[in-house]
Each structure stands twice: as structure tokens, then as C-alpha cells.
Amino acid sequence: MSTNSIKIFAGNSHLELAQLVASKIGVDLSKVVVLKYSNQETSVTIGESVRDEDVFIIQSGCGEINDNLMELLIMINACKTASARRITAVIPCFPYARQDKKDKSRAPITAKLVANMLTVSGANHVITMDLHASQIQGFFNVPVDNLYCEPSMLKYIKTEIPDWKNAMIVSPDAGGAKRATSIADRLNLDFALIHKERKKANEVSRMVLVGDVNGKVAILVDDMADTCGTLITAAKTLKDKGAIKVYAIVAHGILSGKAIDVINEPYLERLVVTNTIPHEDKKRVCPKIDTIDVSPTLAEAIRRTHNGESVSFLFSHAPE
């Protein structure tokens, strides 16, 4: 056991999640004041001593992404200059994760830039959830724990979807096939895939289903729902091919643009997202959205990291 104590700080991006994590661990959130000056500069004041302590800073990549990222970098640096023993950035939804490769000429690999910024600011360790591409872990020179929402998703399917044994797991694109097959194997269900062709970003032109969903409940599994264009086109395709109901389970519910109007259309039975990104305001106007709480997974990862225990148990188990 370590001799120093856990200090959990929260940025402004997702205070509710940070409070849930802190209460699961049994500590209070540490004092920090994060303000914006009138000229839009971010000011951070750490309100208690962190000398030789184990510091965890929880900040998700959502909302005002650039402000929240800058806030995180300044908080990490403030703790570093205040002599913290170890600083772990807990980033439930990693910002710029989709800009992870050079897919056209002169395209920046911004996820690598974010990794460099986190390292330079003083992060010794990073905990994140369901990275868009797991290779992003290789962008860092410090240890990265990429936790999975999969165990929590499996638990949800078994308890909340009544006819899950007559279901088929569907990946809305080839990139998510590995994630979907993994869930299908664990539930002993069949798997289908949708091949999509994009004309330009955030717009899907047409979809082709590979697999038979006729008379089945279709469960779409993806890592991210942004404008929900892909999900809803996939749901339409599945309904046209004879699926009884279509559920969608997604790790990060960004839900930007016209997402809410799209979800309220009659194709999707329910959209299930985790709380890596706050969406309480969206739930009020869209009763179809349901939430999986991932704070127990993050809290257990923080506890195990602090005590020097293995985190790999969490890859296959969802803590209570």
C-alpha cells in the first residue's frame, strides 16, 4: 500500500461524473478554483497542498473542448509545480481522438499533438475510456490505461433488454467490427455488419447490410454517437431488412447538431450511452436516451492505480 493519499481534482467539463467517482472511492473532491478572466484566459488555483500526493485530475473531452483541454493542461502543470508525486489525467472521452491518422494529404494527427501536450504539461499517467483507435496509446511516452465500456454494456444488455437472447449484434461500420464481434462472442449471439460509404465527413451516403436480421432484435454497437447520422441510417437499413426492434449502445454520446431530432424519429427503440460525457439536458428533451454509469469502473481504476494493483481485471468485469 502506498503511504501518500489520493487527491481527486475536477475540471469544469463533467463535475457530476467526478463527484460520483470521488464518492465511490470514499474521498471528497479536492479544492480547486478554475475561472476565466474577462479576456478568456483560464486561471487555475489549487486550494490545498498536493506535495508528495497521488493526484488524479478528471476532465472529459466534451462541450467547449479546447477550453476544457487547456484547463486540464494548466491543472496538471499547477500540480506538477506544486511538487505532486504523481499526476494522472483521467480523461473519460479523449479529445481529438478521431484525428488519429493522416487520411489525406496535409491532414494533422491532432491526437498525437494532444498526447505531447499532456506529457509536456507534466502528466505521468493517463486513464481513458474506449479510445476511438487503441493505437493512440502509442502516441504517449507515459503509461496509458484504456478502459472498456464493454463489461458495463454486457451487463446492461442482459438486464435491460428483455428479449436479448433473440438479438443480433450489429456494427454500423467495418471499423467497429472488432468491438461488436467481441460483445457478440461474450453473449453467444450472431453478428452482422453494415458497410457504409461516406461522401464527406458526418454524412453517410448509402449502407449495405452483411448478415440476416429478419425477425431479430438488432443491437447496434459503436464507440461514438456524434450527429447520429450513421446510427439512424443504420437503424433504417435494419428495419427495412426485417428487424423487430433496433437498440443502439454507444460508449461516448456526443450528440451534437441535430442528434436529438434524429433520435426522436421512430426507427430507434432506445439509445444507450455512458456518462463519459454529460447529457442530462438532452435526456430531458429525449426520453429514448438511457444511461450506463461508468463511474464505478473509473473509481476502481483509480483505486487500483494508487495501490499499485493490476487494472486488467476491469477489461472483463464491471464493478458494482
For a protection proxy built on the mean count of beta-carbon atoms within 10 angstrom, sort 157-165, 237-245 highest first, please. 237-245, 157-165
Summed over the other residues with a beta carbon less than 15 angstrom from that of residue 44, with K and R at +1 and D and E at -1, the charge totals 0
Sites residue 197 and residue 35 - FRET efficiency at Förster radius 51 Å, r taken between beta-carbons, to 0.05: 0.65
Alpha-carbon centroids, the stretch 218-278 and the stretch 6-33: separation in whole Å: 30 Å
Can you tell me the FRET efficiency between residue 43 and residue 85 if r is taken as the Cβ-Cβ distance and R0 is 25 Å, rounded to the nearest 0.05? 0.50
Sequence neighbours fewer than 8 away in the same chain don't count; with that in mind, list the lysines whose C-alpha is under 22 Å from residue 158. 178, 216, 245, 288
Would you be so kind as to identify which of 244, 79, 109 lies farthest towards the positive end of the dipole of the chain, taking Lys and Arg as +1 and Asp and Glu as -1 on Cβ and the Cα centre as origin? 109
Classify the stretch 98-194 as rounded, prolate or oblate from the Cα gyration tensor: take a ≥ b ≥ c as the square roots of its eigenvalues, call it rounded if a/c is under 1.5, otherwise prolate when a/b beats b/c and oblate if not. oblate
Subtract the Cα-Cα distance of residue 105 and residue 15 from 0.36 nm times their separation in residues, and report this length gain in nm to one decimal. 28.5 nm
Residue order for 306, 317 - accessible surface, 1.4 angstrom probe, largest first: 317, 306
For the stretch 161-242, what does the relative contact order come out to in percent, with C-alpha contacts under 8 Å and a separation of six or more? 33 percent
Would you grab the residues whose amide H sits under 5 Å from the one on residue 13? Only those 5+ places off in sequence or on another chain, please, with H modelled 1.01 Å from N. 60
Environment charge of residue 24, counting only residues whose C-beta is closer than 11 Å and scoring Lys/Arg +1, Asp/Glu -1: -2
Which of 102/258; 24/112; 258/282; 196/283; 165/196 exceed 23 Å between C-alpha atoms? The answer is 102/258; 24/112; 196/283; 165/196
Computed label-point distance, nm, for sites residue 307 and residue 163 using a 7 Å Cα→Cβ extension: 4.4 nm
Under unit Cβ charges (Lys, Arg +1; Asp, Glu -1), what dipole magnitude, rounded to 20 debye, does the stretch 1-110 have relative to its Cα centre? 440 debye
Hey, got the dipole for the stretch 149-190? About the Cα centre, +1 on K and R Cβ, -1 on D and E Cβ, debye to the nearest 20? 140 debye
For a label point 7 Å from the Cα of residue 146 along Cα→C-beta, name the residues of the stretch 300-320 whose backbone N is under 20 Å from it. 301-302, 305, 310-318
Count charges around residue 84 for me, please; just the other residues with Cβ under 10 Å from its Cβ, Lys/Arg as +1, Asp/Glu as -1. +2
Contour minus Cα-Cα span, residue 188 to residue 256, at 0.36 nm per residue, comes to 21.1 nm
If I take every Cα pair under 8 Å that is 6 or more residues apart in the stretch 202-300, average their sequence separation and divide by the length, what percent do I get for the relative contact order? 25 percent
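The values are calculated or read from the model by the stated rules, or taken from the named source; none is laboratory data. This one's a predicted model, so the numbers in the text were calculated from it and none came from an experiment. Every residue, glycine as well, gets a Cβ built from its backbone with ideal geometry; the counts of neighbours run over all protein chains shown. Side chains are part of the model used for accessible areas, which takes the heavy atoms of the whole protein and leaves out ligands, DNA and RNA. Shrake-Rupley method; radii C 1.70, N 1.55, O 1.52, S 1.80 Å.
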